[in-house]
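*Asks:* Have a look at the structure that comes next, please.
The values are calculated or read from the model by the stated rules, or taken from the named source; none is laboratory data. Keep in mind the model is a prediction, meaning the values are calculated, not measured. For neighbour counting, all protein chains shown are included, and Cβ atoms are generated from backbone atoms with ideal geometry for every residue, glycine included.
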Amino acid sequence: MIGVKVIKNYRLFQIIYLLLEKGTMTAPQLSHVLEVSVRTIYRDVETLSMAGVPIYTSAGKGGGISLLPGYTFDKMLLSDDEQNELLFAIQSLKVTDRNVDALLQKLGTTFQKPRHNWIEVDFSRWGMREMDTARFEMLKTAIIGRQMLNLTYCGVSGATTNRIICPLKLIYKDKHWYLQAFCRKADDFRFFKVGRIIEMSGTGDTFSDEYEDEIPPIEVEAPYFSAVHLKLRMTDRLAFRVYDEFDRPLITSQPDGSFMVEVDFPMDSWVISYLLSFGTEIDVLEPPELRNELSKYAQKIADHHKT
């Protein structure tokens, strides 16, 4: 019997369907098809076995990984809501894995849900889908195959550096993609913002799996910063940005159609640039010193363009 926790991993379903279709496959064959290591395949086989799936391995010529004859997947193990959640979870993987369409079709047929394609998740940038897809495909191949990469990367300071990295994990957090990797230059684990990777190529070398057991967890708490409380008034022409960029409890609609927004932001140069993006449709009411800084910066921009 497949537990709900186990079936959420679509790769386990792929293994079951491949074995139902082929009968017997070796670990290297499954490894090649699913683009994971042989070690990962054996871990998956153990997971399926512990979940009650009658899967077994046999040695010798003609041996491999098989399911007991007569085994069929019982779709009734999942509720209707769980079937929908599973299809949605797999469909959301299409952004970084273009090989899930066949699995979606099989599961949609098994669950008798031909219209499973009710939502599309696409993290690629407008007009840059082909480039972003190619980049994710290269990163995925490098991570799964433990292939070292040569990056040309632009840091926060604007400086460009070349780094040799061991890519370990792709992370989507706060509207951005990050690559977690072991950086040979820093001799430590680092996060690289995928959008700031200027060039990327394989080195031809591979790395061992020793780093996988040492990957530090993503910081749960937000980094500390000195915050300032802002009180902003925005015209009704900025309604689309107000609702896009601020949480509802921070917004108060005014009788004249404008909006009052109170929010805490880090006090650094980013705040100035961000507020300037609203042009003359915003008034900074508090704090007064920020209003003065904004005015001075805007004047610098005006003087710069005059010359």
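*Asks:* Given the criteria among the aliphatic types (A, V, I, L, M), surrounded by fewer than 16 Cβ atoms within 10 Å (Cβ to Cβ) and at pLDDT 85 or above, does ALA227 qualify?
*Replies:* Details: among the aliphatic types (A, V, I, L, M): yes; surrounded by fewer than 16 Cβ atoms within 10 Å (Cβ to Cβ): yes; at pLDDT 85 or above: no.
Taking the combined requirement at face value, the residue does not satisfy it.
*Asks:* Which one of ASP256, ASP236 is at pLDDT 90 or above, over 21 Å from the mean Cα position of the chain (by Cα), farther than 21 Å from LYS140 by Cβ and exposed (fewer than 12 other Cβ atoms within 10 Å of the Cβ)? Talk me through it step by step, then tell me what you get.
*Replies:* Values: ASP236 fails: exposed (fewer than 12 other Cβ atoms within 10 Å of the Cβ).
Criteria check complete, one pass: ASP256.
*Asks:* Residues of segment 178-213 being in contact (Cβ under 8 Å) with a residue 40 or more places away in the chain, touching a helix residue (DSSP H, G or I) at 6+ places or on another chain (Cβ under 9 Å) and more than 17 Å from VAL156 (Cα to Cα), which ones?
*Replies:* MET200, SER201, GLY202, ASP209
*Asks:* Suppose we filter GLY195, GLY202 for residues that are not β-branched (Val, Ile, Thr) and not in a strand (DSSP E or B); which single one remains?
*Replies:* Details: GLY202 fails: not in a strand (DSSP E or B).
That would be GLY195, the only listed residue that is not β-branched (Val, Ile, Thr) and not in a strand (DSSP E or B).
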